[in-house]
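Everything on this sheet refers to the single structure shown next.
The values are calculated or read from the model by the stated rules, or taken from the named source; none is laboratory data. All of these numbers come straight from a predicted model, not from anything done at the bench. Glycine also receives a Cβ, built like all others from the backbone with ideal geometry; neighbour counts cover every protein chain displayed.
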């Protein structure tokens with residue numbers, strides 16, 4: 001019995017492509033995870049801070065500023081966090097008033113005592129400051145606005161990395177699947193030709 005030239009080469013090529021297909025499927029999962037984490041982090045960290053820039057401006061009268069005892073941000077206890085609670089009255093553009101306790105998205109959280117002192121120095125009891133409030137819930141007030149640049153860069157990097165990995169993985173997966181399918185059809189054709197030659 002004779003062997004049709006090219007059968008072994010096609011089989012080896014298909015086997016290699018099959019092993020690479022598993023690697024690219026793994027890469028696709030990694031890319032999907034990066035894209036998912038980046039998107040979730042963006043929705044939780046960046047989007048709320050950016051949404052504040054659409055809030056109308058009002059005036060806030062500070063009643064008291066109270067720093068709380070430092071607490072730890074993680075279970076390892078390596079990152080101290082200080083909470084500063086504000087009590088103030090928000091005067092909206094439509095001349096409505098709301099009593100509010102808190103600041104920022106909730107209460108203000110800072111990393112060290114210097115930041116605590118800086119906030120206390122910038123906001124004084126019984127003084128009036130510009131602030132921004134949610135038009136749908138005026139009791140949701142922001143005393144100062146800031147863009148989370150680092151979080152934006154981190155989230156964008158994860159989303160971009162995940163998208164690129166997924167795009168490259170899908171390109172190779174489609175290519176490898178096409179090659180394997182072509183190899184299977186080619187091998188079946190060669191086997192059919194071989195049976196005819198043997199007969």
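The number of residues in the stretch 120-137 that are free of Cβ contacts under 8 Å to residues at least 60 places away in the same chain and under 28 Å from the mean Cα position of the chain (by Cα) comes to 2. The number of residues in the stretch 143-157 that are outside any helix (DSSP H, G or I) and surrounded by 13 or more Cβ atoms within 10 Å (Cβ to Cβ) comes to 4. Among the residues of the stretch 39-55, none qualifies, meaning not one is modelled with pLDDT under 85 and over 30 Å from residue 162 (Cα atoms).
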